[in-house]
1. Within the set of pairs 6 or more residues apart or between chains, which connect a residue that is open to solvent by less than 10 Å² (accessible area, probe 1.4 Å) inside region 63-85 to a residue that is away from the ligand (no atom under 13 Å from the Cβ) and of a type in the set (Lys, Arg) with Cβ atoms less than 6 Å apart?
2. Against the definition (free of Cβ contacts under 8 Å to residues at least 24 places away in the same chain and surrounded by fewer than 17 Cβ atoms within 10 Å (Cβ to Cβ)), how does Lys181 come out, yes or no?
3. Does Asp111 qualify as being open to solvent by 30 Å² or more (accessible area, probe 1.4 Å), within 16 Å of the ligand (Cβ to nearest atom) and in contact (Cβ under 8 Å) with a residue 40 or more places away in the chain?
4. Failed condition for Val28, given (1) touching a Cys at 6+ places or on another chain (Cβ under 9 Å); (2) open to solvent by 10 Å² or more (accessible area, probe 1.4 Å), with all others met?
5. I'm trying to understand the selection: among the residues of region 114-132, which are more than 14 Å from the ligand (Cβ to nearest atom) and open to solvent by 70 Å² or more (accessible area, probe 1.4 Å)?
6. Looking only at residues that are open to solvent by 50 Å² or more (accessible area, probe 1.4 Å) and more than 19 Å from the chain's Cα centre (by Cα) in region 191-213, which one is farthest from Glu120 (Cα to Cα)?
Amino acid sequence: MSLLPLHAAHSYRVLIQRWRALARRLGVKLKTLAVVDGVSVFWLETKNSFAVEAIYLSSGVHGDEPAAAWGLLVWAEENEDRLRAGNFVFFPCLNPHGLMLNTRADYQGQDLNRRFHLQEDVVCGPWQKIVTCRRLKVAICLHEDYDGQGCYVYELGRRGAPKLAPDMLAGVSAIPPDGRKRIDESRAQGGVIRRSRVPKHLPGLPEAVVLHELGCGLTLTFETPSEFGLDLRVRAQVEFVNAVLSATEIAGNTAA
Ligand SMILES: [Zn+2]
């Protein structure tokens, strides 16, 4: 069975309708982050509690990566009980124009994922205000890669922190890990690219790097290969989020 309505992969309207219905069922509000060239960008959180560490999830930074946005929605729809019990902050689609136009770029033709440090950016400025006043335990940023030969993940964590990404990728069965030794100019092993320091000489700061610099304990950027079938990619995104939550819950219990 298909996980999303036929031909709706780039329909921001349908995507947000489903998020709005989910928010209603959870008893929370879909809030406006920004209005970009007449289109609202939304976010939501399941508990308005700054005392509890939150799990951060986002997608849709690049619009030509639709399985990320649909995977996040399907995961949330399949985990309503978990959402009611936990503290989750969602940014369901940070670049709606990109999704609608099937482009990587935002409404200005710029790569949003090099603009997260910019307060003056119409999306990243309000985004910074939300993330800086919350304690984030784990951040999951969902993406796709047209060069990808399987799934892979960038793990950006504290030095010496437990290495959880291999277990997380093992939880994804819909698409196997990308076996390349170098991915996007970085050393990779079994689909994992691990960093404890921010890469130098970046033209602008990606979402994951800003979250890491703000103190988020573990930041994961997950990529599905966009030449694979859409339903498989959506399922792989769902499986990855499930695997992250399982791995971090186990790690959290062990630490306690
Ligand atoms: Zn991307």
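The values are calculated or read from the model by the stated rules, or taken from the named source; none is laboratory data. These figures come from a predicted structure and were not determined experimentally. In this analysis, Cβ positions are derived from the backbone assuming ideal geometry, glycine residues included, and neighbour counts consider all displayed protein chains. When the accessible area is computed, the model is the full protein with side chains, heavy atoms only, and any ligands, DNA or RNA have been set aside. Shrake-Rupley method; radii C 1.70, N 1.55, O 1.52, S 1.80 Å.
1. Close Cβ pairs (under 6 Å, with a partner that is away from the ligand (no atom under 13 Å from the Cβ) and of a type in the set (Lys, Arg)) amount to Leu73/Arg18.
2. Details: free of Cβ contacts under 8 Å to residues at least 24 places away in the same chain: yes; surrounded by fewer than 17 Cβ atoms within 10 Å (Cβ to Cβ): yes.
Considered against the rule, which asks whether it is free of Cβ contacts under 8 Å to residues at least 24 places away in the same chain and surrounded by fewer than 17 Cβ atoms within 10 Å (Cβ to Cβ), Lys181 comes out as yes.
3. Values: open to solvent by 30 Å² or more (accessible area, probe 1.4 Å): yes; within 16 Å of the ligand (Cβ to nearest atom): yes; in contact (Cβ under 8 Å) with a residue 40 or more places away in the chain: yes.
When the stated conditions are applied, Asp111 passes them.
4. Unmet for Val28, out of (1) touching a Cys at 6+ places or on another chain (Cβ under 9 Å); (2) open to solvent by 10 Å² or more (accessible area, probe 1.4 Å): (1).
5. His117, Gln119, Glu120, Lys129, Thr132, listed by residue number.
6. Narrowing region 191-213 to residues open to solvent by 50 Å² or more (accessible area, probe 1.4 Å): 194-195, 197, 200-203, 213.
Imposing the further condition that a residue be more than 19 Å from the chain's Cα centre (by Cα) reduces the set to 197, 200-203.
Numbers: Arg197: 26, Lys200: 23, His201: 21, Leu202: 19, Pro203: 17 Å.
Filtering region 191-213 for residues that are open to solvent by 50 Å² or more (accessible area, probe 1.4 Å) and more than 19 Å from the chain's Cα centre (by Cα), the one farthest from Glu120 (Cα to Cα) comes out as Arg197.
Residue-wise test of (1) in contact (Cβ under 8 Å) with a residue 60 or more places away in the chain; (2) in contact with a Leu (Cβ under 8 Å, 6 or more places away or on another chain); (3) within 14 Å of the ligand (Cβ to nearest atom).
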residue	(1), (2), (3)
Asp145	yes, no, yes
Ala161	no, yes, no
Pro166	no, no, no
Leu169	yes, no, no
Ser173	yes, no, no
Arg187	no, no, no
